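> This is the structure I have questions about; it appears just below.
The values are calculated or read from the model by the stated rules, or taken from the named source; none is laboratory data. Keep in mind that this is a model prediction, so the values were computed, not measured. For neighbour counting, all protein chains shown are included, and Cβ atoms are generated from backbone atoms with ideal geometry for every residue, glycine included.
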Ligand code: FES
Ligand code: FES
């Protein structure tokens, strides 16, 4: 089959690739660019593990041919913390670690990127809106309470940062159907989500 040239911007870097027309975006990101934070799950558009952001929209990279992404501006989980430092983690990444919203971590990159697009269009979502937003990101481990809590905590952190305040966010567990209130610290030091995403 004749190779085609595809130009993309991936995590702020312009790349030009010679590809077979049938190559999926998920395979190009993982196999050709080494961005293994993007996970391959069902391959059928059902699980959300392969979610990346293209031109500001969350997309399923298993359902997209790389040639369809020609000219696109793609963000993968690695692009959220490009310097690889803990301090440079995105508030969503910090919140997922702080809330222990990660177990095996396979769903985490896609869920965080989906949440990022949610918070860009709705900086102050209700728990129900968060649940609906991540409905396409299947998690076999967490039961969803902690990811929802983490997304709400990150939203509060981001709103505080936008207002120039440093107040810790408090997410009421009752708001997401859990029994206790949980205080969310402003700073968290721990292992990186990026590390989780590279297995
Ligand atoms: S791997 Fe793409 S939706 Fe499951
Ligand atoms: S943490 Fe294991 S699938 Fe979500």
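> Can you say whether residue 112 is part of a loop (DSSP other than H, G, I, E, B) and assigned by TED's automatic domain parsing to the domain that holds residue 147, as far as the supplied structure shows?
So residue 112 does not fit the description; no.
> Restricting attention to region 132-139, does a residue exist that is without any contact (Cβ under 8 Å) to a residue 40 or more places away in the chain, exposed (fewer than 14 other Cβ atoms within 10 Å of the Cβ) and under 16 Å from residue 51 (Cβ atoms)?
Yes.
> Okay, next question. Does residue 92 satisfy the criteria of being crowded, with 17+ Cβ neighbours inside 10 Å and within 16 Å of ligand 2 (Cβ to nearest atom)?
Against the criterion (crowded, with 17+ Cβ neighbours inside 10 Å and within 16 Å of ligand 2 (Cβ to nearest atom)), residue 92 qualifies.
> Something else about it: For the condition surrounded by fewer than 18 Cβ atoms within 10 Å (Cβ to Cβ) and closer than 27 Å to residue 121 by Cα, what is the one hit in 56, 37?
After ruling out the rest, the residue left standing is 56.
> In the list 79, 136, 72, which residue meets the criterion of being within 15 Å of ligand 2 (Cβ to nearest atom) and under 26 Å from residue 42 (Cβ atoms)?
Answer to the selection: 136.
> Still on this structure: From the list 44, 70, pick out the single residue that is surrounded by fewer than 18 Cβ atoms within 10 Å (Cβ to Cβ), over 14 Å from residue 107 (Cα atoms), over 17 Å from the mean Cα position of the chain (by Cα) and within 12 Å of ligand 1 (Cβ to nearest atom).
Of 44, 70, the one residue that is surrounded by fewer than 18 Cβ atoms within 10 Å (Cβ to Cβ), over 14 Å from residue 107 (Cα atoms), over 17 Å from the mean Cα position of the chain (by Cα) and within 12 Å of ligand 1 (Cβ to nearest atom) is 44.
> Continuing with this model, one more query. Go through region 140-176 residue by residue and tally those that are modelled with pLDDT under 90, exposed (fewer than 12 other Cβ atoms within 10 Å of the Cβ) and assigned to a loop (DSSP other than H, G, I, E, B).
Residues that pass the stated criteria total 4.
> I'm trying to understand the selection: among the residues of region 37-62, which are out of contact with any strand residue (DSSP E or B) (no Cβ under 7 Å at 6 or more places or on another chain), more than 16 Å from ligand 2 (Cβ to nearest atom), in contact (Cβ under 8 Å) with a residue 24 or more places away in the chain and assigned to a loop (DSSP other than H, G, I, E, B)?
56
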